[in-house]
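What follows is one structure encoded as structure tokens, with my remarks underneath.
Values quoted throughout were computed directly from the atomic coordinates according to the rules given, and no laboratory measurement underlies them. Keep in mind it's a predicted model, so treat the numbers as computed, not measured. Cβ placement follows ideal geometry from the backbone for every residue including glycine, while neighbour counts extend to all protein chains displayed.
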Amino acid sequence: MEIEPATTNEEGVAENGETMGVSAKRGMYLVWEDLTVVVPNFGNGHTKRLINGLSGYAEPNRILAIMGPSGSGKSTLLDALAD
């Protein structure tokens, strides 16, 4: 998982030369690739994968919704991203 700064300079000009608005001048990208969460089972030695090979990103100045039914791993994903 990486946290990357948005690619603009102080004037809000992107690296490709396009001018960006004030709201797009600052921000961080949250990127995760091949995220796997494994929980050990101490009773018989086998493990259980809760999340397997998940990739995604969150952009600055955007709302990200994590949706799914009960037990689908939403809280596990947020816990893994928060470390």
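Here are a few things to note about the model shown:
- Charge context of Thr76, other residues only, Cβ under 14 angstrom, K/R +1, D/E -1: +1
- From least to most packed, judged by other beta carbons within 10 angstrom and beginning with the fewest, Lys74, Lys48 follow the order Lys48, Lys74.
- Put a dot 7 Å past the Cα of Asn41, heading toward its Cβ, do the same for Thr76, and the two dots end up 1.3 nm apart.
- Between Met28 and Ala65, the simple label model (points 7 Å from Cα in the Cβ direction) yields a spacing of 2.6 nm.
- Taking the fewest neighbouring Cβ atoms within 10 Å as the starting point, the ordered list for Glu59, Glu33 is Glu33, Glu59.
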